[in-house]
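The values are calculated or read from the model by the stated rules, or taken from the named source; none is laboratory data. Please read all numbers here as calculations on a predicted model, not as lab measurements. Cβ placement follows ideal geometry from the backbone for every residue including glycine, while neighbour counts extend to all protein chains displayed.
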């Protein structure tokens, strides 16, 4: 009975998958799915190719610039009336500080609603359209896709808000000059207002995206966002009781004023406290949404 001896080189060639993986890849794997930068690029492509996204971004610019111009006109009218009316002058003096410095950011309340709703839609639409199945099939770990969406929406919200506020300031300059009011866009307070409000809107967009991931419904997520930032402050102000007076300070929409005030405003949080409260409002829902995204079915 004869035996056949295989040449070692031939045996290695036919050994198949017992050695190193095909393609020269090492035996260690970084895990399923593409790299984070590829996921980030994919999410950015989805973000910028949606017509609804571009419309919302354009509306944000128009609203911030338009309200900046309208606020400049209103501030000028107020200052003009204060020059001849003692009662208006007293009201003007009671405002304190430089009223013109807040003109460029007068449309932030509407910008936060638009970009916060955009954050909701970015995540909720994945589930309502069924896109989540293909997204998480391509990125089985899910968290990279979630983090990429979060990064895209927060950076976009910050950059767009900063640019819109600056454009609003440029639009307001000639209007304020007609009323002999000065606005220095390069002053430390103006820069502070621009940066803090831009960070605030980016935080609202992150909260909106977390709500969209938690609720998985566009209407429900947007209504929750509106309730948190618009309804709750009014309700807490109308309901009597020391608890609601104190709790109102910790609502996310009431953290901007302490962070942008020249001096500490009575009955508000300190600037560092307001920053920590806003940070908690962002971190807690974002982390909770990430945890549930891993555990829940698509």
When you scan region 94-103, do you find a residue that is within 26 Å of residue 197 (Cβ to Cβ), modelled with pLDDT of 90 or more and outside any helix (DSSP H, G or I), even just one? yes
List the residue pairs whose Cβ atoms are under 6 Å apart, where the first residue sits in region 188-216 and is on the phi < 0 side of the Ramachandran plot and surrounded by fewer than 22 Cβ atoms within 10 Å (Cβ to Cβ), the second is modelled with pLDDT under 95 and outside any helix (DSSP H, G or I), and the two are 6 or more positions apart or on different chains. none
Considering only region 176-195, state which residues are part of a helix (DSSP H, G or I) and closer than 13 Å to residue 102 by Cβ. 176, 189, 190, 192, 193, 194
Quick one: is residue 120 buried (at least 24 other Cβ atoms within 10 Å of the Cβ), more than 16 Å from residue 170 (Cβ to Cβ) and at pLDDT 85 or above? yes
Within region 127-144, can one find any residue that is modelled with pLDDT of 95 or more, within 22 Å of residue 211 (Cα to Cα) and assigned to a helix (DSSP H, G or I)? no
